[in-house]
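Some notes on the structure that comes next.
The values are calculated or read from the model by the stated rules, or taken from the named source; none is laboratory data. From a predicted model like this one, the values you see are computed outputs, not experimental measurements. Heads up, the Cβs are rebuilt from the backbone with ideal geometry, glycines too, and the neighbour counts pull from every protein chain shown. Calculation scope for accessible area: heavy atoms of the full protein, side chains included, ligands and nucleic acids excluded. Shrake-Rupley method; radii C 1.70, N 1.55, O 1.52, S 1.80 Å.
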Amino acid sequence: MTRWCGVLGASLWLAACSDINRPSGGGGSGGGFLADRYPCDQGIGSDPQVVWHEDFEAGSVPAVTARYNDYKNPAGMSLLADKPTASCGAASMRLTSGGPVSATDLYKKLLKPDGSGYDELYVRWYVKYQAGATWHHTGVWFGGYNPPTDWPNPQAGIRPVGDDRVSFGMEPVWGVGSPNPRFDFYDYWMTMHTCSSCGGAYWGNALVSRNAFTADDDQWACVEVHTNLNTDLASAAGAELEVWKNDVLVQHFPETRAIGDWVQDHYCPAGADGAQCNYTPTAPGPLDLQFRSSAALQLNHLWLQNYITDTSAGSVWFDDVVVATTRIGCLR
């Protein structure tokens, strides 16, 4: 596997590796990103291209949870005057889990007035992770269930069949418990891979494996993920998946340059430098983006979660969440 990014320092990695310099993501009508048209996100929720907007300015935890279809452990939720530097709001949401309560989360069903979902979505959020926490699944997940449900149903360890569900998670995956763990996807879809020691189970696939893609301890970061479901239901044609951190493109699929390889149940794109990619590839790339086999499966939910199974608690902060049908961008 080619790993030409490994010779670069971390400061150069974001500017030079893989597909990072490739222009990507439409700006919608009027040019630019949504954030360009709505400085500090003021008024962004009324834009026709915005599906969901959450700034945690409702004034109380019950006022926030009332906006969601499902939530867990409101006692572990707090609105605090700790927010991203660029935010014009007064508060963010802190979710605390661990010890006797493993899950604290907010789940929102995303449907059009006619009850249908979406084939393409962009999700942008701000997040801050407590240093040293033993994360299990802590981050933002979105995807689709067919039929749509009022609560999360991840079906851990089970591969989707193509017409039932698809999910895209972004969370600390590598180096959990150590300083500045690494972000990665944790995705479930019909052509995902398993590992030789998984006993037939399928666990969410990581797809980036870059040491510079970090969930920086106690620092706010802007993350945006874009998913376009395949339009050809018999192949991956039309599908797209990409992620930005602080408005810098980290990874884009389908790969437009050198192609990576699978190492068991995680994918190593060209340029991946994580230690988990130092093993012999088990299957060649490219990444198969056939996310679905039926047009009835669409994107229709958002899930902000902090799931910790460790005896010690950990906190994550979320703010300024936007779901839209066009590129959003970080706060201006």
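Conditions (1) in a loop (DSSP other than H, G, I, E, B); (2) among the aliphatic types (A, V, I, L, M); (3) buried (at least 16 other Cβ atoms within 10 Å of the Cβ), marked per residue:
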{"position": "Trp141", "(1), (2), (3)": "no, no, yes"}
{"position": "Val161", "(1), (2), (3)": "yes, yes, no"}
{"position": "Phe168", "(1), (2), (3)": "no, no, yes"}
{"position": "Val173", "(1), (2), (3)": "no, yes, yes"}
{"position": "Gly177", "(1), (2), (3)": "yes, no, no"}
{"position": "Phe183", "(1), (2), (3)": "no, no, yes"}
{"position": "Met190", "(1), (2), (3)": "yes, yes, yes"}
{"position": "Cys198", "(1), (2), (3)": "yes, no, no"}
{"position": "Ala212", "(1), (2), (3)": "yes, yes, yes"}
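Being assigned to a loop (DSSP other than H, G, I, E, B), touching a residue at least 24 places away in the same chain (Cβ under 8 Å) and among the aromatic types (Phe, Trp, Tyr) is the filter here, so list the residues in segment 273-312 that pass it.
Once the filter is applied, which keeps residues that are assigned to a loop (DSSP other than H, G, I, E, B), touching a residue at least 24 places away in the same chain (Cβ under 8 Å) and among the aromatic types (Phe, Trp, Tyr), segment 273-312 yields only Phe291.
If you go through segment 238-256 one residue at a time, do you hit one that is within 28 Å of Cys330 (Cβ to Cβ) and modelled with pLDDT under 95? Please lay out each step first, then the result.
Keep residues of segment 238-256 that are within 28 Å of Cys330 (Cβ to Cβ), which gives 238-256.
Subsequent filtering for residues that are modelled with pLDDT under 95 retains 256.
Among the residues of segment 238-256, at least one is within 28 Å of Cys330 (Cβ to Cβ) and modelled with pLDDT under 95, which makes the answer yes.
Looking only at segment 214-243, count every residue that is in contact with a strand residue (DSSP E or B) (Cβ under 6 Å, 6 or more places away or on another chain) and loosely packed, with under 15 Cβ neighbours inside 10 Å and tell me the total.
The total comes to 0.
What's the number of the only condition in (1) assigned to a helix (DSSP H, G or I); (2) at pLDDT below 50 that Gly25 fails to meet?
The number of the failed condition is (1).
Scan segment 112-134 residue by residue and report those that are under 23 Å from Tyr188 (Cβ atoms) and either more than 19 Å from the chain's Cα centre (by Cα) or surrounded by 24 or more Cβ atoms within 10 Å (Cβ to Cβ) (or both). Please lay out each step first, then the result.
Applying the first criterion (under 23 Å from Tyr188 (Cβ atoms)) to segment 112-134 yields 116-125, 127, 129, 134.
Ser116, Leu121, Tyr122, Val123, Arg124, Val127, Tyr129 - these are the residues of segment 112-134 that are under 23 Å from Tyr188 (Cβ atoms) and either more than 19 Å from the chain's Cα centre (by Cα) or surrounded by 24 or more Cβ atoms within 10 Å (Cβ to Cβ) (or both).
Could you say which residue among Gly260, Gly238, Gly274 is among the small types (Gly, Ala, Ser) and in contact with a Cys (Cβ under 6 Å, 6 or more places away or on another chain)?
Gly260
Considering only residues that are in a loop (DSSP other than H, G, I, E, B) and of a type in the set (Phe, Trp, Tyr), look in segment 38-91 and name the one that is least open to solvent (accessible area, probe 1.4 Å). Explain how you work it out, then say what you get.
Step one: filter segment 38-91 for residues in a loop (DSSP other than H, G, I, E, B), giving 38, 42-43, 47-49, 55-60, 66-69, 73, 81-91.
Subsequent filtering for residues that are of a type in the set (Phe, Trp, Tyr) retains 38, 56, 68.
On the way: Tyr38: 45, Phe56: 1, Tyr68: 19 Å².
Per the stated criteria, the residue is Phe56.
Across segment 163-217, what is the number of residues that are among the β-branched types (Val, Ile, Thr) and touching a residue at least 60 places away in the same chain (Cβ under 8 Å)?
Total satisfying the criteria: 4.
Just to be sure before I move on: is Val322 under 21 Å from Arg94 (Cα atoms) and open to solvent by less than 10 Å² (accessible area, probe 1.4 Å) in the structure I sent?
So Val322 passes the test.
Considering each of Asn153, Asn246 in turn, give the residue that is more than 13 Å from the chain's Cα centre (by Cα), without any contact (Cβ under 8 Å) to a residue 24 or more places away in the chain and surrounded by fewer than 17 Cβ atoms within 10 Å (Cβ to Cβ).
Among Asn153, Asn246, only Asn153 is more than 13 Å from the chain's Cα centre (by Cα), without any contact (Cβ under 8 Å) to a residue 24 or more places away in the chain and surrounded by fewer than 17 Cβ atoms within 10 Å (Cβ to Cβ).
Take Val208 and tell me if it is surrounded by 17 or more Cβ atoms within 10 Å (Cβ to Cβ) and part of a loop (DSSP other than H, G, I, E, B).
Details: surrounded by 17 or more Cβ atoms within 10 Å (Cβ to Cβ): yes; part of a loop (DSSP other than H, G, I, E, B): yes.
Considered against the rule, which asks whether it is surrounded by 17 or more Cβ atoms within 10 Å (Cβ to Cβ) and part of a loop (DSSP other than H, G, I, E, B), Val208 comes out as yes.
Regarding Ala295, is this residue among the aliphatic types (A, V, I, L, M), surrounded by 15 or more Cβ atoms within 10 Å (Cβ to Cβ) and under 30 Å from Asp105 (Cβ atoms)?
On the way: among the aliphatic types (A, V, I, L, M): yes; surrounded by 15 or more Cβ atoms within 10 Å (Cβ to Cβ): no; under 30 Å from Asp105 (Cβ atoms): yes.
Taking the combined requirement at face value, the residue does not satisfy it.
Mind listing whichever residues of segment 249-272 are open to solvent by less than 10 Å² (accessible area, probe 1.4 Å) and part of a loop (DSSP other than H, G, I, E, B)?
Gly260, Pro269, Ala270, Gly271, Ala272
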